[in-house]
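A quick write-up on the structure given underneath.
The values are calculated or read from the model by the stated rules, or taken from the named source; none is laboratory data. None of these values were measured; they are calculated from a predicted model. Cβ sites come from the backbone with ideal geometry, for glycine too, and all protein chains shown count toward neighbours.
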Amino acid sequence: MTTPDAQAVLDTPAAEFRLPATDGKTYALEDIAGEKGTVIVFICNHCPYVKALIDRMVSDARVLMSEGFGFAAICSNDAVSYPDDSFENMGRFAKAHDFPFPYLHDETQVVARAYGAV
């Protein structure tokens, strides 16, 4: 039996968080918020869909950020189950794709759950 996917509701207040990033900093929601809005994407390094669209996502993020939107990516995967998604490999992935935005590590999946991304 199939079930409908959960839909994000626009204008819903975003859940607060404080997460480490691959650039060595720690970010809260307020640190990435943009004047016109904020985009938060949940990705992981090993996902074939992410691999297929990552260059387009980075390009789109650059445009959005230049127009006043905040942007961040969050990886909430378990690195034991998915070693490609370890914090160290997240840093390599961000560097290889020249991320202009913070790539945040949600090791406990608390933030992913708060956003309904699990």
Worksheet, complete the sentence: Of the residues in region 52-92, those that are aliphatic (A, V, I, L, M), farther than 15 Å from Ile32 by Cβ and in contact with a Pro (Cβ under 8 Å, 6 or more places away or on another chain) come to Val58
Worksheet entry | Residues (farther than 17 Å from Asn89 by Cα, in contact (Cβ under 8 Å) with a residue 12 or more places away in the chain and among the β-branched types (Val, Ile, Thr)) located in region 27-77 | Ile32, Thr38, Val39, Ile40, Val41, Val58
Fill in: Residue match in region 102-117 (condition: modelled with pLDDT under 95 and in contact with a strand residue (DSSP E or B) (Cβ under 6 Å, 6 or more places away or on another chain))
yes
